[in-house]
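Accompanying notes for the structure given below.
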Amino acid sequence: MNKTVNHKAWFLVLPVLVLVAFSAVIPLMTVVNYSVQDTFGNNQFFWAGLEWFDEMLHSDRMWNALGRQLMFSGIILAIEVPLGIFVALNMPKSGFWASFCLVLMSLPLLIPWNVVGTIWQVFGRVDIGLLGRTLENLGIDYNYTQSPLAAWITIVVMDVWHWTSLVALLAYAGLKSIPDAYYQAAKIDQASRWKVFRYIELPKMAGVLMIAILLRFMDSFMIYTEPFVVTGGGPGNATTLLSIDLVKMALGQFDLGPAAAFSIMYFLVILLISWVFYTVMTNLDKKGM
Amino acid sequence: MAKITLDNLAHSYLPHPRGEEDFALKQMTHDWDDGGAYALLGSSGCGKSTLLNIISGLLIPSQGRVLFDGQDVTHAPTAERNIAQVFQFPVVYDTMTVRDNLAFPLRNRGRDEAYVAERVQEIARMIGMEDQLRRKCSGLTADAKQKISLGRGMVRKDVNALLFDEPLTVIDPHMKWELRTQLKKLHHDFGHTMIYVTHDQTEALTFADKVVVMYDGRVVQIGTPEELFERPEHTFVGYFIGSPGMNVIPAKVEGNRAYINGSDFDLGAGYRAMDGKVEIGVRPEFARLSATEGLPVKLRRVEDAGRHKIIRAEFFGHDINIVAHEDESIGPDMTRVRFDPAHVNVYRDDWRVAPEGEAA
């Protein structure tokens, strides 16, 4: 077949280009612009080269925030993924209760971040919060405004409460796509419950689980609102995750240059980790083929 | 290996079936001989898969019992029945190698590795996948996967029965013949009781010693391929088996003569007087065009099927098919059809009526 060459067709992609330019490229470029300049006010800017990047790379503050961030993402993934799978495996497969569970599971996902933060902030308060009061009456020393451990437990439990449903729903969708014949064949082959999970359910869920892990990783790596509302990054800097630190730097201290350099590196780190993760997972998938 | 007995078996998918029409499987009592090769034949939704799942224990029947060698297994779980089943769509464990797949049922039963290796080799040779044992199963073609499922079903020597639920649906036509031959050979060598569900009559007739024809949740006939061809017990059997199926025409039967639209012909045997819906059934192979005798028909077209011709004709609004030899000449004056009296069956309310003198 002969292909018609018509360069006017490029105009068809123009609307998308314009849209992407205004929504992503131009804002990103202003950040790039700030990251290579310095200012002393009066809207006067001076070329600073890679100075801010250099400073940020040697800043303990940023490395500490990154460490806390990685720990946070690691912990919530280690809890939410197995827990989500466990919940999905135990959800009813059909009937009224299946729909009921689905609605119940979706509820936390529908609550805005800010509200989730507020709920847990109040819930955990030792003076008026149900959780805080109960723990105190049980004789457990819990105060997220004073103890870093309590603060960490609070934000981790909050994230698990908010997002395990997502993993569970995705895993549930993966489980539902397994034809009955697989379970029947496993029965005939006398496979144990563990083997059914290991050789039938897990391989069939692998694809959606990869998406779940990727989504949860990216989302938790960028988390801001919820821990900010609950702990504000405290006590001290104990729960100052990357975004919180970035906002402090950019809007609190108005250090636009370092903050811009920080943002760009932050963005690149997320991009890099997601890319490595995706490549590893798809290669594992291919090796299986 | 076991004799399978279905005792007053019936099944409904509804929790409280009201009448007979609520049953996917109507009440039946049958014996399936030890070591027999059976084909369960019927169109989709006739209950054949339901019956198979009851035998394998994936489904508990609403009533009646299933016995293996006289022992009641109606409520026994699948694993205890020691049966193997191959499903319509290939079920393989994707993350395992071909070897591990074949070994899976044996390893789960704790057989020692030397025995497992030996059996896996043997089965791999049978399904022609010896050189692919180390491969991962994902990415194999559908027919390779189905061969693995077949292999997994056959790897255990001591099974009570091997059940096949339309296993060759996804397989290429030329592979179908090969696998079917292998299954037959396997049956011959090991003598397992085999039950093969299919809606393909060729598959059923070539595979099985005995074909069980099901229609609307009922077993309408169990017989050898010849019996099904010569003496269909139900008009459905006549229609379903044969290509084209049996001609069924409403008639009035008196003694040994049938009257249809003012014509009459010899039935070859005498019948008692009957009420209800009376029909005669003649296979196209036993109908012959003639210029002088028989029923007047309107010829519509002649199809050449290579080895024979199929003549489509009409007789007072009823379609009649006639199979003629390839070298038989068909002239425009041949507007009558004659039935071979020895091969005319009489049906009352769809069930065959035995002529007087024949043991029912």
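The values are calculated or read from the model by the stated rules, or taken from the named source; none is laboratory data. All figures in this text were calculated on a predicted structure; none of them were measured in a lab. For neighbour counting, all protein chains shown are included, and Cβ atoms are generated from backbone atoms with ideal geometry for every residue, glycine included.
In summary, strands (runs of 3 or more DSSP E) completely within the stretch B:23-94 and bearing 2 or more residues that are away from chain A (no Cβ under 11 Å) and not basic (Lys, Arg) occur at B:25-32, B:37-41, B:63-68. Within the stretch B:288-320, no residue satisfies the criterion of being of a type in the set (Ser, Thr, Tyr) and under 30 Å from the mean Cα position of the chain (by Cα).
This table checks each residue for (1) touching a Phe, Trp or Tyr at 6+ places or on another chain (Cβ under 6 Å); (2) more than 12 Å from chain A (Cβ to nearest Cβ); (3) without any contact (Cβ under 8 Å) to a residue 60 or more places away in the chain.
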| position | (1), (2), (3) |
| --- | --- |
| B:GLN132 | no, yes, yes |
| B:ASN160 | yes, no, no |
| B:LEU168 | no, yes, yes |
| B:HIS174 | no, yes, yes |
| B:LEU186 | no, yes, no |
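In the stretch B:306-339, the qualifying residues are those that are in contact (Cβ under 8 Å) with a residue 12 or more places away in the chain and on the phi > 0 side of the Ramachandran plot, and the one that is surrounded by the fewest Cβ atoms within 10 Å (Cβ to Cβ) is B:GLY306. Filtered by the rule that a residue be in contact with a Lys or Arg (Cβ under 6 Å, 6 or more places away or on another chain) and assigned to a strand (DSSP E or B), the stretch B:223-262 gives a lone residue, B:TYR259. Suppose we keep only residues that are of a type in the set (S, T, N, Q) and more than 9 Å from every other protein chain (Cβ to nearest Cβ) within the stretch B:134-148. Which one would you say is surrounded by the fewest Cβ atoms within 10 Å (Cβ to Cβ)? If we take residues in the stretch B:134-148 being of a type in the set (S, T, N, Q) and more than 9 Å from every other protein chain (Cβ to nearest Cβ), then B:THR141 is surrounded by the fewest Cβ atoms within 10 Å (Cβ to Cβ).
Within the stretch A:59-109, the set of residues being of a type in the set (D, E, K, R) and exposed (fewer than 14 other Cβ atoms within 10 Å of the Cβ) comprises A:ASP60, A:LYS93.
Checked against the criterion of being within 18 Å of B:LEU150 (Cα to Cα) and either outside the structural domain of B:TYR215 (by TED's automatic domain parsing) or of a type in the set (S, T, N, Q) (or both), the stretch B:101-108 has at least one qualifying residue.
Elements of the type helices (runs of 4 or more DSSP H) sitting completely within the stretch A:1-111 and holding at least 3 residues that are within 30 Å of A:ALA206 (Cβ to Cβ), within 25 Å of the chain's Cα centre (by Cα) and without any contact (Cβ under 8 Å) to a residue 60 or more places away in the chain: these cover A:60-90, A:96-110.
Mind telling me which of the residues B:VAL337, B:VAL323 ends up being within 12 Å of B:SER290 (Cα to Cα) and among the β-branched types (Val, Ile, Thr)?
Numbers: B:VAL323 fails: within 12 Å of B:SER290 (Cα to Cα).
That would be B:VAL337, the only listed residue that is within 12 Å of B:SER290 (Cα to Cα) and among the β-branched types (Val, Ile, Thr).
If we scan the stretch B:208-226, do we find a residue that is within 14 Å of chain A (Cβ to nearest Cβ), in contact with a Pro (Cβ under 8 Å, 6 or more places away or on another chain) and not small (Gly, Ala, Ser)? No - not one qualifying residue is present in the stretch B:208-226.
Taken over the stretch B:25-45, residues that are hydrophobic (A, V, I, L, M, F, W, C) and either more than 20 Å from B:VAL237 (Cβ to Cβ) or in contact with an Asp or Glu (Cβ under 6 Å, 6 or more places away or on another chain) (or both) amount to 1. Put simply, of B:GLY268, B:GLY281 the only residue that is touching a strand residue (DSSP E or B) at 6+ places or on another chain (Cβ under 8 Å), surrounded by 12 or more Cβ atoms within 10 Å (Cβ to Cβ), part of a strand (DSSP E or B) and at pLDDT 85 or above is B:GLY281. Examine the stretch A:269-289 for a residue that is away from chain B (no Cβ under 14 Å) and either assigned to a loop (DSSP other than H, G, I, E, B) or surrounded by 19 or more Cβ atoms within 10 Å (Cβ to Cβ) (or both), and state whether such a residue exists. No, the stretch A:269-289 contains no residue that is away from chain B (no Cβ under 14 Å) and either assigned to a loop (DSSP other than H, G, I, E, B) or surrounded by 19 or more Cβ atoms within 10 Å (Cβ to Cβ) (or both).
Scanning the stretch B:77-105 for residues that are among the hydrophobic types (A, V, I, L, M, F, W, C) and within 27 Å of the chain's Cα centre (by Cα) turns up B:ALA79, B:ILE83, B:ALA84, B:VAL86, B:PHE87, B:PHE89, B:VAL91, B:VAL92.
The lone criterion from (1) basic (Lys, Arg); (2) surrounded by 15 or more Cβ atoms within 10 Å (Cβ to Cβ); (3) not in a loop (DSSP other than H, G, I, E, B) left unmet by B:ARG111 is number (3).
Given the criteria modelled with pLDDT under 85, assigned by TED's automatic domain parsing to the domain that holds B:VAL91 and either assigned to a loop (DSSP other than H, G, I, E, B) or aliphatic (A, V, I, L, M) (or both), does B:LEU179 qualify?
yes
Yes or no, residue by residue, for (1) farther than 19 Å from A:ALA185 by Cα; (2) touching a helix residue (DSSP H, G or I) at 6+ places or on another chain (Cβ under 8 Å); (3) not charged (D, E, K, R):
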{"residue": "B:ASN8", "(1), (2), (3)": "yes, no, yes"}
{"residue": "B:LYS26", "(1), (2), (3)": "yes, yes, no"}
{"residue": "B:GLY36", "(1), (2), (3)": "yes, no, yes"}
{"residue": "B:ILE83", "(1), (2), (3)": "no, yes, yes"}
{"residue": "B:VAL91", "(1), (2), (3)": "no, yes, yes"}
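State whether one or more residues within the stretch B:289-304 are touching a helix residue (DSSP H, G or I) at 6+ places or on another chain (Cβ under 8 Å) and outside any loop (DSSP other than H, G, I, E, B).
Step one: list which residues in the stretch B:289-304 are touching a helix residue (DSSP H, G or I) at 6+ places or on another chain (Cβ under 8 Å), which gives none.
No, that holds for no residue.
Each residue in the stretch A:14-40 was checked for being more than 26 Å from A:LEU242 (Cα to Cα) and of a type in the set (Gly, Ala, Ser), and 1 of them qualify.
Of all the residues in the stretch A:233-268, those that are surrounded by 20 or more Cβ atoms within 10 Å (Cβ to Cβ) and among the charged types (D, E, K, R) number 1. Pairs linking a residue in the stretch A:167-191 that is more than 23 Å from A:PRO82 (Cα to Cα) and at the interface with chain B (Cβ under 9 Å from one of its Cβ atoms) to a residue that is hydroxyl-bearing (Ser, Thr, Tyr) and part of a helix (DSSP H, G or I), with Cβ atoms under 6 Å and 6 or more positions apart or on different chains, are A:LYS187/B:THR78; A:ILE188/B:THR78. Among the residues of the stretch B:27-48, which ones are within 18 Å of B:THR193 (Cβ to Cβ) and either small (Gly, Ala, Ser) or not assigned by TED's automatic domain parsing to the domain that holds B:ALA84 (or both)? Result: B:GLY35, B:GLY36, B:ALA37, B:ALA39. Out of all the residues in the stretch B:229-251, is one or more without any contact (Cβ under 8 Å) to a residue 12 or more places away in the chain, among the aromatic types (Phe, Trp, Tyr), under 30 Å from B:SER12 (Cβ atoms) and surrounded by fewer than 22 Cβ atoms within 10 Å (Cβ to Cβ)? Checked the stretch B:229-251: at least one residue is without any contact (Cβ under 8 Å) to a residue 12 or more places away in the chain, among the aromatic types (Phe, Trp, Tyr), under 30 Å from B:SER12 (Cβ atoms) and surrounded by fewer than 22 Cβ atoms within 10 Å (Cβ to Cβ). Close Cβ contacts (under 7 Å, 6 or more residues apart or on different chains) running from residues in the stretch B:340-352 that are over 11 Å from B:ILE280 (Cα atoms) to residues that are surrounded by 18 or more Cβ atoms within 10 Å (Cβ to Cβ) and charged (D, E, K, R) are absent.
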